[in-house]
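Reviewing the structure listed below.
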Amino acid sequence: MLTIFNNIAVKEFHSYFDSESKCLQILAEEKWKDGFVCRFCGHHHYCEGKKPFSRRCTRCKKEESATAHTIFHHCKIALPDAFRLVYAVCNTPTVSTLELSEQLNMRQMTCWKFKKKVMNCIDARKDVSEQGKVELKQIILGIDELSQG
Ligand SMILES: [Zn+2]
């Protein structure tokens, strides 16, 4: 499903990530694609958490949300909008926050803050990406892999 992620056209992208739950589902699928590992105790078994698509360790009962340890953690923007912003910035890093705010119908300051976060993530990855191009998927799952690397 996510193999089309990088070359996906803007229209498809918007219709694909059109709801909060779709975004959460993608984040959950991607971050736990190699299976669930509890960050607190290393246990592999989980049950559903309280929040949609979050997972709760069956041993220590700690819950991890789908957005935890991703660029969307504590993100105040609705996830579909946040996904769109990441997409726009990855495709056109020179896009202005004014353009973003018009495109996404969000406050410019909100766009500025989140764009900065995305750009930090892109900058941190530049040396590891091929031809200087940063994969959208890497940014969306962002930060976490960075801290592990
Ligand atoms: Zn645990």
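Where a number appears in this text, it was derived from the coordinates with a stated rule and is not lab data. Keep in mind that this is a model prediction, so the values were computed, not measured. Virtual Cβ from ideal backbone geometry, glycine too; neighbours counted across all protein chains shown.
Numbers for the structure displayed
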{"quantity": "Across Lys62/Lys116; Lys76/Lys113; Lys51/Lys113; Lys62/Lys117; Lys33/Lys113, pairs whose alpha-carbon gap is larger than 19 Å", "calculated": "Lys62/Lys116; Lys51/Lys113; Lys62/Lys117; Lys33/Lys113"}
{"quantity": "Approximate spin-label separation Asp18-His45, in nm, with each point projected 7 Å along Cα-to-Cβ", "calculated": "4.0"}
{"quantity": "Backbone N under 14 Å from the Arg107 label point (7 Å along Cα→Cβ), restricted to segment 77-100", "calculated": "77-78"}
{"quantity": "Per-residue HN-Hα couplings for segment 31-48 [Karplus 6.51, -1.76, 1.60; θ = phi - 60°; Hz; x = Gly/Pro]", "calculated": "6, 10, 5, 9, x, 7, 10, 5, 6, 9, 10, x, 5, 9, 9, 9, 10, 5"}
